[in-house]
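The values are calculated or read from the model by the stated rules, or taken from the named source; none is laboratory data. Just so we're clear, the structure is a prediction, and the values are computed from it rather than from any experiment. Heads up, the Cβs are rebuilt from the backbone with ideal geometry, glycines too, and the neighbour counts pull from every protein chain shown. Side chains are part of the model used for accessible areas, which takes the heavy atoms of the whole protein and leaves out ligands, DNA and RNA. Shrake-Rupley method; radii C 1.70, N 1.55, O 1.52, S 1.80 Å.
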Amino acid sequence: MNLPNKLTVLRVLLIPFFVAALLAGDGQIPTLRYVSAAIFIVASLTDMLDGKIARKYNLVTNFGKFMDPLADKLLVCAALICLVELKQIPAWMVIIIVSREFTISGFRLVAAEQGIVIAASYWGKFKTTFQMIAVVLMILNIKALGLVTDLMVWVALILTVVSLVDYVAKNHKILTEGTM
């Protein structure tokens with residue numbers, strides 16, 4: 001269990017605390033909103049940090065390859081589902097985002113069975129960055145930043161679709177031909 005893997009596990013362990021803080025009092029307790037935003041930011045930063053450390057110090061493991069993307073999806077999906085509960089994002093947007101995550105995970109699973117690794121694309125990285133910014137802005141729910149928050153949500157949604165199209169276009173042979 002190296003440092004990058006410990007950071008990934010920490011990210012997963014932070015999720016219940018994040019959810020509890022965000023949903024306590026139906027999301028109406030400002031202090032807990034700030035606590036949940038702080039937890040989400042820390043968890044998001046561990047995502048950035050674990051990958052950099054793993055690559056820089058050659059600490060990439062099968063556990064990390066499996067758990068890192070799963071931890072990211074769990075964190076973002078938990079946040080988005082909570083925000084639907086709090087009526088801050090429409091369910092249809094979250095369905096699109098979650099569907100994209102399932103689709104890419106499916107592609108990666110089929111590719112892995114063929115010995116192919118599908119690396120994260122720049123579109124996917126941009127998508128993740130904008131999703132995390134949008135989530136933090138929605139958690140903070142600052143009225144003066146309402147337009148910026150809405151813009152970030154729409155940019156994240158558009159990047160979600162663009163990254164899905166990019167992955168499918170680049171990797172369609174995994175499903176259609178069985179090999180690349």
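Say we look at the range 6-35 and pick out the residues that are of a type outside the set (A, V, I, L, M) and within 17 Å of K73 (Cβ to Cβ); which of these is surrounded by the most Cβ atoms within 10 Å (Cβ to Cβ)?
T8
Could you tell me how many of the residues in the range 36-48 are in contact (Cβ under 8 Å) with a residue 12 or more places away in the chain and either surrounded by fewer than 17 Cβ atoms within 10 Å (Cβ to Cβ) or closer than 17 Å to V19 by Cα (or both)?
Here the count works out to 8.
Which members of the range 83-130 meet the condition of being assigned to a helix (DSSP H, G or I), at pLDDT below 95 and polar (S, T, N, Q)?
T103, S105, T128, T129
What number of residues within the range 149-177 satisfy the criterion of being over 15 Å from the mean Cα position of the chain (by Cα) and either open to solvent by less than 70 Å² (accessible area, probe 1.4 Å) or touching a residue at least 12 places away in the same chain (Cβ under 8 Å) (or both)?
Of the residues in the range 149-177, 10 are over 15 Å from the mean Cα position of the chain (by Cα) and either open to solvent by less than 70 Å² (accessible area, probe 1.4 Å) or touching a residue at least 12 places away in the same chain (Cβ under 8 Å) (or both).
Step by step: first the residues of the range 4-21, then only those that are of a type in the set (A, V, I, L, M, F, W, C) and touching a Leu at 6+ places or on another chain (Cβ under 7 Å), then the one that is nearest to N141 (Cα to Cα). Which residue is that?
A21
So is L75 open to solvent by less than 80 Å² (accessible area, probe 1.4 Å), modelled with pLDDT of 95 or more and assigned to a helix (DSSP H, G or I) or not?
yes
Quick test for you: out of L80, L70, L59, pick the one residue that is in a loop (DSSP other than H, G, I, E, B), without any contact (Cβ under 8 Å) to a residue 60 or more places away in the chain and open to solvent by less than 70 Å² (accessible area, probe 1.4 Å). Steps first, please.
Numbers: L80 fails: in a loop (DSSP other than H, G, I, E, B); L70 fails: in a loop (DSSP other than H, G, I, E, B).
That would be L59, the only listed residue that is in a loop (DSSP other than H, G, I, E, B), without any contact (Cβ under 8 Å) to a residue 60 or more places away in the chain and open to solvent by less than 70 Å² (accessible area, probe 1.4 Å).
Looking at (1) without any contact (Cβ under 8 Å) to a residue 24 or more places away in the chain; (2) open to solvent by less than 50 Å² (accessible area, probe 1.4 Å); (3) within 24 Å of M67 (Cα to Cα), find the lone condition where V110 falls short.
That leaves (1) as the condition not met.
Restricting attention to the range 118-145, which residues are over 14 Å from the mean Cα position of the chain (by Cα) and closer than 18 Å to V84 by Cβ?
L137, M138, I139, L140, N141
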